[in-house]
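Q: Take a look at the following structure, please.
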There are 2 protein chains.
Amino acid sequence: MNKITNLFEIKYPIIQGGMIWNSGYKLASAVSNAGGLGLIGAGSMYPDVLKEHIQKCQKATNKPFGVNVPMLYPDLDQIMQIIIEEGVKIVFTSAGNPKTWTQHLKDNGIKVVHVVSSSKFALKAEASGVDAVVAEGFEAGGHNGREETTTLTLIPMVKEKITIPLIAAGGIASGKTMLAAMILGADGVQMGTRFVASTESSAHDNFKNTVVNALEGDTQLTLKELAPVRMVKNKFFNDLQELYSKNPSKEDLESLLGKRRAKRGMFEGDLIEGELEIGQISGLIHDVLPVKTIVDNVMNEFHQTLKEIKQFQF
Amino acid sequence: MNKITNLFEIKYPIIQGGMIWNSGYKLASAVSNAGGLGLIGAGSMYPDVLKEHIQKCQKATNKPFGVNVPMLYPDLDQIMQIIIEEGVKIVFTSAGNPKTWTQHLKDNGIKVVHVVSSSKFALKAEASGVDAVVAEGFEAGGHNGREETTTLTLIPMVKEKITIPLIAAGGIASGKTMLAAMILGADGVQMGTRFVASTESSAHDNFKNTVVNALEGDTQLTLKELAPVRMVKNKFFNDLQELYSKNPSKEDLESLLGKRRAKRGMFEGDLIEGELEIGQISGLIHDVLPVKTIVDNVMNEFHQTLKEIKQFQF
């Protein structure tokens, strides 16, 4: 009936973004148990850590779950080997070329989804044989596309081009934003920031509270010269802007960024020097809630809104 | 039944953006005759020219229409005087402080709407006594907010804060994008780029064709140091980017921008040296159409989509 619930054999077409430092087995299994699709975020895990999270997730839920693999991290061969050996059935890949791993994963009975930021990359992903794409708009937290296309305009443009199932991401945290995305042509949605501010997320409490306290305009896309990323405008962000005013080289930017800003901010709770990756929709998130409450709230608002829009008759 | 159709006494809650160089009486009257609300764009008109367009619009339609006044242009006193004397009943103001003119216009029986890019400015506009606000997202063409908040996230955040009617703008050009905006909390929509590519727009044919030919990623927000504006990435845009690589002063930017880039691009059709202000949704616009066809297509898709979403049951 719905392409995404059918593809993953889940109840609701809600995917939890496999965000680094936020998405361990506790979050992933909670989302899957609540009727969505949980994803373990492999991007911040050493191979052994990932293996442990997969095994714990299998014990914590008998529902489908997946692993998100940003293909720019090291140990990629080992990561993919573990995913196959441990019997993971769903993999979301992001960054990198979808051609590299899709066929191998599919040969091992794994459903593959690739995250894109444009129609052009969506078409490439489709051609590489993926089962679905996530199209992520400019308002999304974390790494993002260079063309700055927003979810409202990206989803109908991608929908025009591809025939495989389409998952919308960026700016979605409620039943209304979910319904809007599906009206634009998405078959399901991926939510990141909303699940950061959940009881089960492995984010530091400081970071969860940052999501809750963030106001409109508190995030910005930056570091376009390296890989565009949306983050909170904290001291680290301001230091970056000051560096920009001095015409920095790529190396200058890399040097200020350093190696563990994201861990420091999101996992260790350093709100001053850390990199705090959240989306614009944080301005609409006012509480840390258990995953089941988040999913129930979203679906209740979704169904309630479906009823109410009968008033839209002219 | 609908706050916007009631407020303006129109059939459909579709407003045509009062864009400079595009929105003469022909476009405004055509939109009003088609059941929406047409706006004459005063921003590119000398007082005498505006007067002529108002008088011609009154002859071309017996339906309500309005005038858009960007409050940063010269001759503002004279413009407002003409609007009052000529019996215009609806004014959309943008830029500037809504407190300055709202009460005076309302004392003269005029309905006033102010264009904003954030909840903060929406609250200020509400406090100044306007009848409605237009909240415009990052994807919109032309002048735009500094916080880069997208329509998908902006509309629910503004809706949370204000009680007066809310019009969504930025990224809307079809029945689906219109329905999505209304699900997010808007009572109506304002469309700009879609009406540039209309038979009745006063844009140069070259500029209309630019909208039709624009692909995803062909526009970008720039000139944030002066007033952020989204435009096509043509030679003029590239010259700006080259200047940016040299750490320009505000004066350097103003000097390259010059005085009549917008007229040159949009009205005279100079696609190389002109400023071509269109929104991201241009990637979804594939034809120049008569206004009535545009409005009918939007409303047909809107109603068709309302029927189809009955499938969204989980």
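The values are calculated or read from the model by the stated rules, or taken from the named source; none is laboratory data. As the structure is a computational prediction, the values presented were derived from the model and not from experiment. Cβ atoms come from the backbone with ideal geometry, glycine included; neighbour counts cover every protein chain shown.
Q: Answer yes or no: is there a residue in segment B:288-305 that is part of a loop (DSSP other than H, G, I, E, B) and either modelled with pLDDT of 95 or more or over 29 Å from residue A:121 (Cβ atoms) (or both).
A: yes
Q: Residues that are more than 26 Å from residue B:191 (Cβ to Cβ): find the helices (runs of 4 or more DSSP H) completely inside segment B:72-137 holding 3 or more of those.
A: By residue number, B:76-85, B:99-107.
Q: With respect to residue B:288, is the statement that it is under 22 Å from the mean Cα position of the chain (by Cα), within 12 Å of chain A (Cβ to nearest Cβ) and within 26 Å of residue A:150 (Cα to Cα) true?
A: Here the answer is no, as residue B:288 does not meet what is asked.
Q: Take the residues in segment A:227-254 that are without any contact (Cβ under 8 Å) to a residue 12 or more places away in the chain and of a type in the set (Asp, Glu), then tell me which one is farthest from residue A:210 (Cα to Cα).
A: A:251
Q: Please indicate, with yes or no, whether at least one residue in segment A:301-312 is among the charged types (D, E, K, R) and more than 14 Å from every other protein chain (Cβ to nearest Cβ).
A: No, the conditions are met nowhere in segment A:301-312.
Q: Assuming residue A:186 fulfils every condition listed in (1) farther than 27 Å from residue B:160 by Cα; (2) of a type in the set (A, V, I, L, M); (3) within 14 Å of chain B (Cβ to nearest Cβ); (4) crowded, with 17+ Cβ neighbours inside 10 Å apart from one, which condition is it?
A: Exception for residue A:186: condition (1).
Q: Ok, one more. Does any residue of segment A:40-59 turn out to be within 15 Å of the chain's Cα centre (by Cα), part of a loop (DSSP other than H, G, I, E, B) and surrounded by fewer than 24 Cβ atoms within 10 Å (Cβ to Cβ)?
A: no
Q: Could you tell me whether residue B:230 is among the basic types (Lys, Arg), under 23 Å from residue B:288 (Cα atoms) and not assigned by TED's automatic domain parsing to the domain that holds residue B:149?
A: Spelling it out, residue B:230 is indeed among the basic types (Lys, Arg), under 23 Å from residue B:288 (Cα atoms) and not assigned by TED's automatic domain parsing to the domain that holds residue B:149.
Q: Additional query: Residues A:87, A:24, A:36, A:109: which one is within 14 Å of chain B (Cβ to nearest Cβ) and either on the phi > 0 side of the Ramachandran plot or touching a residue at least 60 places away in the same chain (Cβ under 8 Å) (or both)?
A: So the residue among A:87, A:24, A:36, A:109 that is within 14 Å of chain B (Cβ to nearest Cβ) and either on the phi > 0 side of the Ramachandran plot or touching a residue at least 60 places away in the same chain (Cβ under 8 Å) (or both) is A:36.
Q: Okay, moving on. Give B:225, B:251 a once-over and let me know the one that is over 21 Å from the mean Cα position of the chain (by Cα), within 14 Å of another protein chain (Cβ to nearest Cβ) and surrounded by fewer than 16 Cβ atoms within 10 Å (Cβ to Cβ).
A: Just a single option satisfies the conditions, and that option is B:225.
Q: Test residue A:149 against the criterion of being within 14 Å of chain B (Cβ to nearest Cβ) and free of Cβ contacts under 8 Å to residues at least 24 places away in the same chain, and give yes or no.
A: No, not satisfied.
Q: Mind telling me which of the residues A:72, A:39 ends up being at pLDDT below 95, aliphatic (A, V, I, L, M) and assigned by TED's automatic domain parsing to the domain that holds residue A:10?
A: A:72
Q: Sticking with this one: Report, by residue number, each residue of segment B:254-285 that is more than 14 Å from chain A (Cβ to nearest Cβ) and among the β-branched types (Val, Ile, Thr).
A: Residue satisfying the conditions is B:272 alone.
Q: To continue, here is another question. Pull up segment A:160-175, narrow it to residues that are outside any loop (DSSP other than H, G, I, E, B) and more than 9 Å from chain B (Cβ to nearest Cβ), then point me to the one that is farthest from residue A:12 (Cα to Cα).
A: The extreme case among them is A:161.
Q: Looking only at segment B:189-211, filter to residues that are part of a loop (DSSP other than H, G, I, E, B) and of a type in the set (Ser, Thr, Tyr); which one of those is surrounded by the fewest Cβ atoms within 10 Å (Cβ to Cβ)?
A: Once the filter is applied, the top-ranked residue is B:199.
Q: Answer yes or no: is there a residue in segment B:266-277 that is modelled with pLDDT of 95 or more, over 23 Å from residue A:153 (Cα atoms) and part of a helix (DSSP H, G or I).
A: Yes, segment B:266-277 has at least one match.
Q: Follow-up. With the checklist (1) part of a helix (DSSP H, G or I); (2) within 14 Å of chain A (Cβ to nearest Cβ); (3) out of contact with any Gly (no Cβ under 6 Å at 6 or more places or on another chain) in hand, flag the one item residue B:246 doesn't pass.
A: (1)
Q: In segment A:65-82, which residue that is touching a Gly at 6+ places or on another chain (Cβ under 9 Å) and farther than 15 Å from residue A:15 by Cα is surrounded by the fewest Cβ atoms within 10 Å (Cβ to Cβ)?
A: Filtering segment A:65-82 for residues that are touching a Gly at 6+ places or on another chain (Cβ under 9 Å) and farther than 15 Å from residue A:15 by Cα, the one surrounded by the fewest Cβ atoms within 10 Å (Cβ to Cβ) comes out as A:72.
Q: Taking the options A:280, A:311, name whichever one is at pLDDT below 95 and polar (S, T, N, Q).
A: Exactly one residue qualifies, and that residue is A:311.
Q: Among the residues of segment B:201-222, what is the count of those that are more than 14 Å from chain A (Cβ to nearest Cβ) and hydroxyl-bearing (Ser, Thr, Tyr)?
A: Residues that pass the stated criteria total 3.
Q: What residue, among those in segment B:1-21 that are within 10 Å of chain A (Cβ to nearest Cβ) and not in a helix (DSSP H, G or I), is modelled with the lowest pLDDT?
A: B:1
Q: Hey, residue A:216 hits all of (1) in the same structural domain as residue A:294 (by TED's automatic domain parsing); (2) outside any helix (DSSP H, G or I) but one; which does it fall short on?
A: (1)
Q: Can you tell me which residue is farthest from residue A:226 (Cα to Cα) among those in segment A:255-289 that are without any contact (Cβ under 8 Å) to a residue 12 or more places away in the chain and of a type in the set (Lys, Arg)?
A: Filtering first and then ranking leaves A:264.
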